[in-house]
1. How would you classify the range 1-111 from its alpha-carbon gyration tensor, with a ≥ b ≥ c the square roots of the eigenvalues: rounded for a/c under 1.5, else prolate if a/b is greater than b/c, otherwise oblate?
2. Compute the Rg/Rh shape ratio of the range 14-68: radius of gyration over Kirkwood radius, all on alpha-carbon atoms.
3. After finding the eigenvalues of the alpha carbon gyration tensor for the chain, what semi-axes result from the square roots of 5 times each, listed largest first in whole Å?
4. In whole percent, and with a 1.4 Å probe on the protein chains, what portion of the accessible area of the range 53-197 is carbon and sulfur?
5. If I histogram all Cα-Cα distances within the range 131-197 using bins 5 Å wide from 0, what percent of pairs lands in each bin?
6. Local charge sum around ALA182 (other residues, Cβ-Cβ under 14 Å, Lys/Arg +1, Asp/Glu -1)?
7. For the range 10-128, what does the accessible surface come to per residue with a 1.4 Å probe? Please give it in Å².
8. Applying a 10 Å radius around every beta-carbon, put 102-108, 121-127 in order of their mean neighbour count, most first.
Amino acid sequence: MKRELKRQQTQQLLLNTTIELIREKGCEKTTFSDIMERSGLSKGAIFHYVKSKEELLAMVLQQSLEETNSRFYQGVADANQEFAGPMSGISQNLPALEDSQNVTNQVFMYLLGKSDESAVKEITKFYEHVLQVSRQWIEEGQKHGVIPQTVDAGKTADLFVLISMGLRVRGFIQTDSAAFRAEDFTELITRLLQPRS
């Protein structure tokens with residue numbers, strides 16, 4: 001038990017340190033040397049958790065998704081078969097998709113911009129995982145009777161993931177002419193998933 005707790009604490013220290021450094025320096029300039037110096041972890045300790053910088057950055061993305069996932073399932077538990085509870089667990093993070101300073105967006109764009117095999121592998125794994133989790137959220141809503149069974153969970157999840165990733169990318173394009181924003185995305189999700197009376 002103590003060993004598992006120590007492992008979790010070390011992994012969280014690694015992630016927190018990486019996030020801090022990305023905020024300060026960006027993904028490109030953040031190095032393992034910086035992480036070792038800031039965290040006090042040895043190179044061996046870091047490589048116990050990850051094999052590459054890309055894998056470490058993907059863990060940052062994964063952590064963010066897990067936090068949203070936890071809020072969603074807490075919303076399901078608290079909502080008493082209401083759509084608004086689980087939806088608030090998801091929608092509370094949607095505005096961050098448009099923020100180019102958001103660490104997860106920086107990581108996403110960094111990995112997306114890399115053409116080496118490990119970065120492509122990590123962004124593909126992230127995409128597949130987000131798609132799987134999004135589908136599970138829809139299916140969970142259907143199971144609890146707050147999303148109609150007629151909603152195609154696979155296609156709808158794919159649409160939502162495509163839009164969310166598009167919002168991330170557009171956040172890095174300096175434009176004031178964006179007609180579709182995060183609040184519009186929330187409204188679209190609600191219209192597609194909420195039962196009509």
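1. Numbers: a/c = 3.15, a/b = 1.54, b/c = 2.04.
Oblate.
2. Values: Rg = 10.6 Å, Rh = 11.3 Å.
Value, to two decimals: 0.94.
3. Working: eigenvalues 208, 86, 40 Å².
Equivalent ellipsoid semi-axes, largest first: 32, 21, 14 Å.
4. Details: 3870 of 7620 Å².
Taking all protein chains in place, the range 53-197 shows 51 percent carbon and sulfur surface.
5. 3, 16, 25, 22, 14, 10, 6, 3, 0
6. Numbers: positive: ARG168, ARG170, ARG181; negative: GLU98, ASP99, GLU183, ASP184, GLU187.
Neighbour charge sum, excluding ALA182 itself: -2.
7. Working: 6070 Å² over 119 residues.
I get 51 Å² per residue for this part.
8. Values: 102-108: 22.7, 121-127: 17.7.
Answer by packing, highest mean first, reads 102-108, 121-127.
The values are calculated or read from the model by the stated rules, or taken from the named source; none is laboratory data. This structure is a prediction, so every number in the text was calculated from the model and none was measured. A quick note on method: Cβ atoms are made from the backbone with ideal geometry, for glycine too, and the neighbour counts reach across all protein chains shown. In case anyone asks, the SASA skips ligands and DNA or RNA and just uses the protein heavy atoms, side chains included. Shrake-Rupley method; radii C 1.70, N 1.55, O 1.52, S 1.80 Å.
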